[in-house]
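Colleague: Mind looking over this structure? Questions follow.
The values are calculated or read from the model by the stated rules, or taken from the named source; none is laboratory data. Keep in mind it's a predicted model, so treat the numbers as computed, not measured. Cβ coordinates were reconstructed from backbone atoms using ideal geometry, including for glycine residues, and neighbour counts include every protein chain displayed.
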Amino acid sequence: MTKPKANEPSFEEALEKLESIVSKMEDGDVPLADLLTQFEEGSKLLKQCESRLKEAELRIEQLKLNKTGGESFEPFQTTESND
């Protein structure tokens, strides 16, 4: 699994920031200009988290292949579409 770039937060930090942004947005007390900025930041954090989760999933599949001598369990099914 690749390490985050120097300017990117860890998965846990990104998730915490994302949760904070969502909470602020749900409160409804954020001015529109700030709301747009927060939305953009949240979108970037979400992409980072999704990327790291996919990397972890691939790594788990690799570990299962190594442990079973080449036989893999059924692949993990996600709910997202493959566009």
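Colleague: Only one of (1) over 14 Å from the mean Cα position of the chain (by Cα); (2) exposed (fewer than 15 other Cβ atoms within 10 Å of the Cβ); (3) at pLDDT below 90; (4) not small (Gly, Ala, Ser) fails for ASP34. Which number is that?
Modeller: Among (1) over 14 Å from the mean Cα position of the chain (by Cα); (2) exposed (fewer than 15 other Cβ atoms within 10 Å of the Cβ); (3) at pLDDT below 90; (4) not small (Gly, Ala, Ser), ASP34 violates only (3).
Colleague: If you scan segment 9-26, which residues turn out to be surrounded by fewer than 16 Cβ atoms within 10 Å (Cβ to Cβ) and touching a Leu at 6+ places or on another chain (Cβ under 7 Å)?
Modeller: Scanning segment 9-26 gives a single hit, MET25.
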